[in-house]
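The values are calculated or read from the model by the stated rules, or taken from the named source; none is laboratory data. Since this is a predicted model, take the numbers as computed values, not measurements. All Cβ positions, even for glycine, are placed from backbone atoms using ideal geometry, and neighbour counts span all protein chains on display.
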Amino acid sequence: MTERTVKLLKGQTGDWEIVIGMEVHAQILSNSKLFSGAATAFGASPNSQVSFIDAGMPGMLPVINKWCVEQAVRTGLGLKAQINLTSVFDRKNYFYPDLPQGYQISQYKSPIVGEGEILLDMNDGSTIPVGIERLHMEQDAGKSVHDQSPDSSFVDLNRSGVALMEIVSKPHMRSSEEAAAFLKKLRAILRYLGTCDGNMDEGSMRADVNVSVCKAGGYDKFRATGDFKHLGTRCEIKNVNSMRFVAQAVEYEARRQIDVIEDGGTIRQETRLFDSKAGETRSMRSKEDAHDYRYFPDPDLLPLVLDQAWVDGIKASLPELPDEKKTRLTKAGLSAYDASVLVAEKESADYFEAMMASGADAKAAANWLNNEYFGRLNKAGLAIADGPVSAGANAAIVKMVAANTISGKIAKDLLDIVWSEGGDPEAIVEARGLKQVTDTGAIEKVVDDVIAANPDKVEEVKAKPKLASWFVGQVMKASGGKANPGAVNAILKQKLNLPD
Amino acid sequence: MSLPTKLTDFSLAEARDAVQAKKVSSKELTTAFVKAVADARPLNAFVTETPEKALEMAVASDVRIAHGEARPLEGLPLAIKDLFCTKGVKTTAGSKILGNFIPPYESTVSQNLWDAGAVMLGKTNMDEFAMGSSNETSHFGPVFNPWRARNSNANLVPGGSSGGSAAAVAGNLCLAATGTDTGGSIRQPAAVTGTVGIKPTYGRCSRFGIVAFASSLDQAGPMTRTVRDAALLLKHMASVDPKDSTSVDIPVPDYEATLEDGVKGLRVGIPKEYRIDNMPPEIEQLWQKGIEWLKAQGAEIVDVSLPHTKYALPTYYIVAPAEASSNLARYDGVRYGHRASGPKDIVDLYERSRAEGFGKEVQRRILIGTYVLSSGYYDAYYSRAQKLRTLILRDFTEAYKKCDVLLTPATPGPAFGVGEKTADPVEMYLNDVFTVTVNLAGLPGIAVPAGLTANGLPLGLQLIGKAFDEATLFKAARAIEIAAGFTAKPTEWWRAA
């Protein structure tokens, strides 16, 4: 592992460090809510997925959804975290029209998951460990709608009671890149586990980013002592809903805090909002305005007690996660970089593995995907699932290149054909005569023709052997790209008496 | 066994036997009670009468009986405390804030009763959100106790919060009624109306569909004229319920089957801490009588100590309001119930809807509860109260090493006058001094009529049992019932009114 490069921000009074912690709300993938049987589909018509429990009707009682508990445990295990066999649901009390019970059921003092760790994969190939403080389950609130009428507000309770996991990191991130990488890696893990779909634009994953700045060296003192006094006062930026915005918000906020301090001011602990249009953060409420949530254990729910054997069963059923997959792919011959690019998204990893299952060589498949296919998808703005070429078809192309059936050049053309017209790559190669010519007799004939037609060039080449590439190009052109480039080179060398 | 001449004088068990034997039809029985309810309006025991529904159910019951398909409570008219949500029938919890609330669902306890064939006469009046010991905090006005002191026309309270149910049972307006008990709300009104009331073990009856007051203390139970009736009714109220995570999956025994087994060899604990300062001599004497009655029937009397008893009332008045302050947050005027008119913004809507919708006692408890949970006070109040709760339960666990049930007075005195204690909330709270410990410990407790005061008002004794040992409580209560021979009835003064 390479040494972690800590990004310092220059100020008038010296260098500053950024310290970042995150709280991520991830919606548990579940057909029904955390404490009721109501459905959870995204985009349903307002108030169509609301049970009497979700609407806070008199006498209604919450009943824990076991599926959701299992997903929280699964996620905890995926984060290499401590699973707490006893956890407690608390009520967080406050009034808001989209909070029908007048309290949110959450876990406060005794969360279901304790400390864990995830590894960030940075662009330079390095990995950075970031501590997980805890994971707890809680209900989502409904949605207030203020822009439909000048004199009324509306409430949609479809989200009310939907199960969330709040995943809290330790303040271990030190740049906007690391913050974005944290969110990316966390999302990948959740998707691998299948516990959250990670769709940030549908709100199924939302990040609150805590940012503080301190003078260079402060962070190391904090890590050495655990004493928060070495860090600056943090501000919490609420509901940042994309990786790009996370990076922007951190950059803006860190610079803002440095400017405030260097102008002789102090940072107040507060909650801020990220305005993605203006690219800036704005004060929402200060700590003094914060609610007194009057947390206390929810008397409607008994402490949640898990059986170790049940937890072990979940652990045994965990899928291979990105870090393990990366290790395996590296062992199969991929570079650390290629492996981390492929495993970063479950979809790309699955696609890659499907190619391998179809018999493509790992390294060739990785190069092909990273250099050709994913680029085309990006350009077209398509997700892997929506791409027009199957893993089997791409594997067939890669295999034909490896078997010298087609050239690399033809392979790219072939991908374009399959992309736009569909069809079986092998059948297309056959039908359109795209097979590479490896018959030396046929190539020799073309070489002879080209030499005969260009006596002046033959003389030039003898003086300047580097010009041989011109002949290669002519031969390839004359063969319609089908001649095997290796064979062409060898025959040309021999016919033109060129040195090796 | 000779049956009473008036249908409304039947006990629940007598009515059951008569209906099942086709000596009386449910329609006859129900018609008699519907009339009794209407005649007793001066008592204000009901918030909502449902005579049409009652007769419809009675007719359906008679059809089932005719087809030989009678269920255990077939055709028996009951009154339901207005804290139980009843589908399509207004459920107010005694509050203006739910004054027009019609639930689209049924509570599990009432559903169990309808599934057993029972008939609904209506919904009984109660202290607002079950907060009170006299039924005077109801938005729908006080309930009057069917009992009056000898040679007096003064109206007395029926106790609370299940005051309407107690009055309806004592006044023979129904065969039996449901109540709920958070700190004594079944046992205290039962004691001061000469009826039987049991608060079962926490988790015995489902809380689903019961408007919540203090979730960790609330428990539904029967209010009846005899111990047998209580045993019969509880059997059909109790169930484990997948919709209530705190309900407990322990089979409900046939309490009636063991009712007459007697108390020979039963160890009855007498907790010395229940001998409180300024205890009226009548209460002391009644307690002594109870001890003698049980001893005479073969029980062994054991002195026990429950040293944390004195902390029970303060603990209760922290835990219950804390939970209530959160449970009652949902009454905000946004989705159902009372909403203030012309709010200028959301905060104004909340403040005025709740100020207009909640009565004084409810507001007082919301404030107490909010205070004890607030940051900086939580440790001093709520967390210490929780620790005390553990100690109080431990007192009982220790005591039950030496005895099987405990015998105590049910209330510090008989029914008091309407308006007599409303000025001082603490004096009102003291009514629950003998009953709250049981809720804090989650144990079952039963109040059984044991005698009359010198001026003719009923008094009760309380038996406290081990968790889920209601069967023993019923046996012991039956022994007291036999010995006390309590046959007094209130004069039906309200008929002349």
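Against the definition (touching a Pro at 6+ places or on another chain (Cβ under 7 Å) and either not in a loop (DSSP other than H, G, I, E, B) or not acidic (Asp, Glu) (or both)), how does residue B:230 come out, yes or no? Write out each step before concluding.
Numbers: touching a Pro at 6+ places or on another chain (Cβ under 7 Å): yes; either not in a loop (DSSP other than H, G, I, E, B) or not acidic (Asp, Glu) (or both): yes.
Judged against the criteria, residue B:230 is a match.
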Residues in segment B:332-370 that are assigned to a loop (DSSP other than H, G, I, E, B) and closer than 24 Å to residue A:52 by Cα total 10
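One line per residue, one yes/no per condition, for (1) more than 29 Å from residue A:398 (Cβ to Cβ); (2) of a type in the set (A, V, I, L, M); (3) surrounded by fewer than 12 Cβ atoms within 10 Å (Cβ to Cβ); (4) not assigned by TED's automatic domain parsing to the domain that holds residue A:391:
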| position | (1), (2), (3), (4) |
| --- | --- |
| A:418 | no, yes, no, no |
| A:424 | no, no, no, no |
| A:448 | yes, no, no, yes |
| A:464 | yes, no, yes, yes |
| A:467 | yes, yes, no, yes |
| A:474 | no, no, no, yes |
Scanning segment B:364-382 for residues that are more than 9 Å from chain A (Cβ to nearest Cβ) and over 30 Å from the mean Cα position of the chain (by Cα), the one surrounded by the fewest Cβ atoms within 10 Å (Cβ to Cβ) turns out to be B:379
Condition set surrounded by 19 or more Cβ atoms within 10 Å (Cβ to Cβ) and farther than 16 Å from residue B:357 by Cβ, scope segment B:82-96, selection nearest to the other protein chains (Cβ to nearest Cβ): answer is B:85
Subset of segment A:190-206, residues under 14 Å from the mean Cα position of the chain (by Cα), assigned to a helix (DSSP H, G or I) and either surrounded by fewer than 22 Cβ atoms within 10 Å (Cβ to Cβ) or among the aromatic types (Phe, Trp, Tyr) (or both), comes to A:191, A:192, A:193, A:200, A:201
Taking first residues from segment B:213-224 that are at pLDDT 95 or above and part of a loop (DSSP other than H, G, I, E, B) and second residues anywhere that are polar (S, T, N, Q) and crowded, with 24+ Cβ neighbours inside 10 Å, the pairs with Cβ under 7 Å that are 6 or more apart or on different chains are B:213/B:182; B:213/B:327; B:214/B:182; B:215/B:327; B:217/B:182; B:217/B:439; B:218/B:180; B:218/B:182
inquiry  = Yes or no: segment B:191-204 includes at least one residue that is buried (at least 21 other Cβ atoms within 10 Å of the Cβ), within 14 Å of chain A (Cβ to nearest Cβ) and assigned to a loop (DSSP other than H, G, I, E, B).
reply    = yes
Among the residues of segment A:88-100, are any on the phi < 0 side of the Ramachandran plot, touching an Asp or Glu at 6+ places or on another chain (Cβ under 7 Å) and of a type in the set (D, E, K, R)?
yes
Checked pairs for segment A:450-464, first in contact (Cβ under 8 Å) with a residue 24 or more places away in the chain, second not in a helix (DSSP H, G or I), C-beta under 6 Å and 6 or more apart or across chains, list as A:461/A:496
Requested in this report: For segment A:271-293, state whether one or more residues are within 14 Å of chain B (Cβ to nearest Cβ), modelled with pLDDT of 95 or more and surrounded by 12 or more Cβ atoms within 10 Å (Cβ to Cβ).
Outcome: yes
Residues in segment A:82-90: is at least one within 27 Å of the chain's Cα centre (by Cα), at pLDDT 95 or above and away from chain B (no Cβ under 11 Å)? yes
Filtering segment A:180-220 down to residues that are under 22 Å from residue A:255 (Cα atoms) and among the charged types (D, E, K, R) yields A:208, A:215, A:220
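Here are some residues: A:151, A:124. Which one is of a type in the set (Asp, Glu), more than 27 Å from the chain's Cα centre (by Cα) and surrounded by fewer than 21 Cβ atoms within 10 Å (Cβ to Cβ)?
On the way: A:124 fails: more than 27 Å from the chain's Cα centre (by Cα).
That would be A:151, the only listed residue that is of a type in the set (Asp, Glu), more than 27 Å from the chain's Cα centre (by Cα) and surrounded by fewer than 21 Cβ atoms within 10 Å (Cβ to Cβ).
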Here the qualifying pairs (Cβ atoms under 6 Å; residues six or more apart or on different chains; first in segment B:230-258 and more than 14 Å from chain A (Cβ to nearest Cβ); second of a type in the set (Asp, Glu)) come out as B:231/B:256; B:232/B:256
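I need the full set of residues from segment B:97-125 which are away from every other protein chain (no Cβ under 14 Å) and either of a type in the set (Gly, Ala, Ser) or farther than 28 Å from residue B:62 by Cα (or both), in order please. Steps first, answer last, please.
Our first condition is that a residue be away from every other protein chain (no Cβ under 14 Å); within segment B:97-125, this holds for B:112-122, B:124-125.
If the condition is that a residue be away from every other protein chain (no Cβ under 14 Å) and either of a type in the set (Gly, Ala, Ser) or farther than 28 Å from residue B:62 by Cα (or both), then B:116, B:117, B:118, B:122, B:125 are the ones that fit.
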Filtering segment A:47-75 down to residues that are assigned to a loop (DSSP other than H, G, I, E, B) and more than 14 Å from chain B (Cβ to nearest Cβ) yields A:48, A:49
The condition of being of a type in the set (Lys, Arg) and either over 28 Å from residue B:329 (Cα atoms) or outside the structural domain of residue A:171 (by TED's automatic domain parsing) (or both) holds, among A:285, A:294, A:268, only for A:268
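Each row is one residue, and each column tells you yes or no for (1) surrounded by 13 or more Cβ atoms within 10 Å (Cβ to Cβ); (2) basic (Lys, Arg); (3) part of a loop (DSSP other than H, G, I, E, B).
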site: B:249; (1), (2), (3): no, no, yes
site: B:252; (1), (2), (3): yes, no, yes
site: B:256; (1), (2), (3): yes, no, no
site: B:263; (1), (2), (3): yes, no, yes
site: B:268; (1), (2), (3): yes, no, no
site: B:273; (1), (2), (3): yes, no, no
site: B:279; (1), (2), (3): yes, no, yes
site: B:283; (1), (2), (3): yes, no, no
site: B:287; (1), (2), (3): yes, no, no
Filtering helices (runs of 4 or more DSSP H) wholly in segment A:324-402 for at least 1 residues that are among the small types (Gly, Ala, Ser), modelled with pLDDT under 90 and in the same structural domain as residue A:120 (by TED's automatic domain parsing) gives none
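Going through segment B:79-101 one residue at a time, which ones are part of a strand (DSSP E or B) and hydroxyl-bearing (Ser, Thr, Tyr)? It would help to see each step written out before you state the result.
Within segment B:79-101, the first condition is being part of a strand (DSSP E or B), and the residues that meet it are B:79-81, B:84, B:86, B:89.
Within segment B:79-101, just B:86 meets the criteria.
From B:329, B:324, B:312, which residue is at the interface with chain A (Cβ under 8 Å from one of its Cβ atoms), assigned to a helix (DSSP H, G or I) and crowded, with 19+ Cβ neighbours inside 10 Å? If you could, list the steps in order and put the result at the bottom.
Working: B:324 fails: at the interface with chain A (Cβ under 8 Å from one of its Cβ atoms); B:312 fails: at the interface with chain A (Cβ under 8 Å from one of its Cβ atoms).
That would be B:329, the only listed residue that is at the interface with chain A (Cβ under 8 Å from one of its Cβ atoms), assigned to a helix (DSSP H, G or I) and crowded, with 19+ Cβ neighbours inside 10 Å.
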Exactly one of A:275, A:307, A:298, A:208 is acidic (Asp, Glu) and out of contact with any Ser or Thr (no Cβ under 9 Å at 6 or more places or on another chain), and that one is A:307
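Being among the small types (Gly, Ala, Ser) and touching a Lys or Arg at 6+ places or on another chain (Cβ under 6 Å) is the filter here; which residues of segment B:455-495 pass it? Write out each step before concluding.
Residues of segment B:455-495 that are among the small types (Gly, Ala, Ser), as a first pass: B:456, B:460, B:465, B:467, B:471, B:476-477, B:479, B:483-485, B:488.
Matches in segment B:455-495: B:456 only.
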Next on the checklist: Scan segment A:239-256 and tell me whether some residue there is modelled with pLDDT under 95, under 30 Å from the mean Cα position of the chain (by Cα), in a loop (DSSP other than H, G, I, E, B) and not β-branched (Val, Ile, Thr).
Outcome noted: yes
Counting only residues in segment A:298-311 that are surrounded by 12 or more Cβ atoms within 10 Å (Cβ to Cβ) and outside any loop (DSSP other than H, G, I, E, B), the one farthest from the other protein chains (Cβ to nearest Cβ) is identified as A:311
All-but-one check, residue A:115 against (1) at pLDDT below 95; (2) surrounded by fewer than 18 Cβ atoms within 10 Å (Cβ to Cβ); (3) among the charged types (D, E, K, R), failing number (1)
